[in-house]
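Remarks on the structure that follows.
What follows draws every value from the coordinates through simple rules; no lab data is involved. No experiment lies behind these values; they were computed from the predicted model shown. Positions of Cβ are backbone-derived with ideal geometry, glycine not excepted, and every protein chain shown enters the neighbour counts.
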Amino acid sequence: MSLANPDDRRRLLEGLAEAALAAAVEINAIFEAGFAVEQKADLSPVTAADRAAEAVILQALARLSPDVPVVAEEEASMGRIPAVGERFFLVDALDGTREFVRRGDDFTVNIGLIEHGTPTMGVVYAPRLLRMFAGDVTQGVAWRRDGDAGERRPLAIHRGRTPPIAVASRSHVTPELAAYLDTLGDGGRVNIGSSLKFGLLASGEADVYPRPSPTMEWDTAAGHAVLAAAGGRVLAPDGSPLRYGKPDFFNPGFLAVGDFDPPSLEPFMRDGALGGRP
């Protein structure tokens, strides 16, 4: 498969969507059957659903694009991180594990392709909500589907809305985030979990998603690609484009935006957050 070829890129995006759906089958089965919750070294929760979904995606990517390395969250947590170059996949097979554990529905499957430090293709799928967002920046393709039998609809950011509608994490509300949101005006706020926040920006349902606290690159890659394909941007705290393949795949914070020029995030960063992984 040559990713310089538009037909090959189309087939790869379709393959990523199918892989996300297959992972969702595993997630839903475990969700409905019940599960134990373990704790990783960083104190974050992990379940059998995280591992089963990741195994499905890794198998699919080995078939779809065997020469492209894959950095996946659960593999990385066990120290299994391949060397990466100009092109690699980032996988978070179950983003929003805390929501999953609480038996909420704001969790997603995420597969992103990085090329030359930038997310260029991604799929985000919410197994309980049956919402899929997908995009390829290089081909100018971005679409969403609601319901597994629903039709695909083009994605595009909302233009010219002021004050902006902000979207924020349901699980990571910090004083720094609250202070930043206060600077945006009273345009409305939506609290939702996982990478669904990127989907809301890409579909024009919101305008800005600030995150002044740390994440990992696999948390953001797929949603970043979808948003960029829909016309949006994801910025580092200093306002530069958020880059990938950083040391330890660490994001100190970021701003995701549609058609909106955001105030700087840097004054609202947690102490020490710019210096490295907590």
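Residues with beta-carbon under 14 Å from that of Asp148, excluding Asp148: net charge, scoring Lys, Arg +1 and Asp, Glu -1? The partial results should precede the final answer.
Working: positive: Arg128, Arg131, Arg144, Arg145, Arg152; negative: Glu18, Asp146, Glu151.
Local net charge: +2.
Explain nothing, just the number: dipole magnitude of region 1-83 about its Cα centre with +1 on each Lys and Arg Cβ and -1 on each Asp and Glu Cβ, in debye rounded to the nearest 20. List each step's numbers first, then the result.
On the way: 7 positive and 14 negative charges, 38 e Å.
Result for region 1-83 is approximately 180 debye, rounded to the nearest 20.
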Among Ala93, Ala48, Ala222, the residue with the largest mean-square fluctuation in a Gaussian network model of the chain built from Cα contacts under 10 Å is Ala48
Length gained if Arg103 through Ser264 is fully extended, taking 0.36 nm per residue and subtracting the Cα-Cα distance, is 54.4 nm
For His172, placing the label point 7 angstrom along Cα-to-beta-carbon and taking region 214-240, residues whose amide nitrogen sits under 16 Å are 214-225, 234-238
Placing each pseudo-label 7 Å from Cα in the direction of the beta carbon, Ile81 and Asp146 end up separated by a distance in nanometres of 3.9
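At 20 Å minimum axial length over the Cα atoms and a Kyte-Doolittle cut of -0.5, report the qualifying DSSP H helices in the chain, or say none.
Numbers: long enough: 6-33 (41 Å, 0.20); 48-64 (24 Å, 0.78).
Helices meeting the criterion: 6-33, 48-64.
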By the mean-Cβ-within-10 Å protection proxy, highest first, 102-111, 24-33 rank as 102-111, 24-33
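Assuming a viscosity of 1.002 mPa s and a temperature of 20 °C, what translational diffusion coefficient in µm² per second does Stokes-Einstein assign to region 201-256, Rh being the Kirkwood radius over Cα pairs?
Details: Rh = 11.4 Å.
Translational diffusion coefficient: 189 µm²/s.
What is the ratio of the Cα radius of gyration of region 166-275 to 2.2 N^0.38 Å, where N is its residue count, to two decimals?
Details: Rg = 12.5 Å, N = 110, 2.2 N^0.38 = 13.1 Å.
Against the compact-globule rule of thumb, the ratio is 0.95.
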Diffing region 203-212: the Karplus 3J(HN,Hα) column from phi (6.51, -1.76, 1.60, θ = phi - 60°), in whole Hz with x for Gly and Pro, holds 8, x, 7, 8, 10, 8, 10, x, 9, x
Restricting to Cα pairs under 8 Å and 6 or more apart, the percent relative contact order of the chain works out to 16
With +1 at each Lys and Arg Cβ and -1 at each Asp and Glu Cβ, the charge dipole magnitude of the chain around its Cα centre, to the nearest 20 debye, comes out at 300
Non-local residues with an amide H under 5 Å from the amide H of Gly188, with H modelled 1.01 Å from N and Pro and chain starts lacking one, are Ala166
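Counting other beta carbons within 10 Å of each Cβ, put Thr97, Thr47 in order, fewest first. Could the numbers behind the result be given before it?
Numbers: Thr97 23, Thr47 19.
Taking fewest neighbouring Cβ atoms as first place, the list is Thr47, Thr97.
Which order, highest average first, do 170-182, 189-201, 243-255 follow once you tally other Cβ atoms within 10 Å for each residue and take the mean per peptide?
Values: 170-182: 15.3, 189-201: 23.9, 243-255: 18.1.
Output ranking for 170-182, 189-201, 243-255: 189-201, 243-255, 170-182.
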Once the dipole of the chain is set up from charges on Cβ (+1 Lys and Arg, -1 Asp and Glu), the residue from the list Gly150, Tyr244, Val109 lying farthest towards its positive end is Gly150
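Tell me, what are the semi-axes, in whole angstrom and largest first, of the equivalent ellipsoid of region 19-62 as set by the roots of 5 times the Cα gyration tensor eigenvalues?
Values: eigenvalues 77, 41, 7 Å².
One finds semi-axes of 20, 14, 6 Å for region 19-62.
Kindly provide the GluC sites (Glu not before Pro) of region 98-152 that DSSP labels as loop, not H, G, I, E or B, and whose Cβ sees at most 13 other Cβ atoms within 10 Å.
Values: sites: Glu99, Glu115, Glu151; in loops: Glu151.
Answer by residue number: Glu151.
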The alpha-carbon center of region 55-94 and that of region 1-52 are separated, in whole Å, by 11
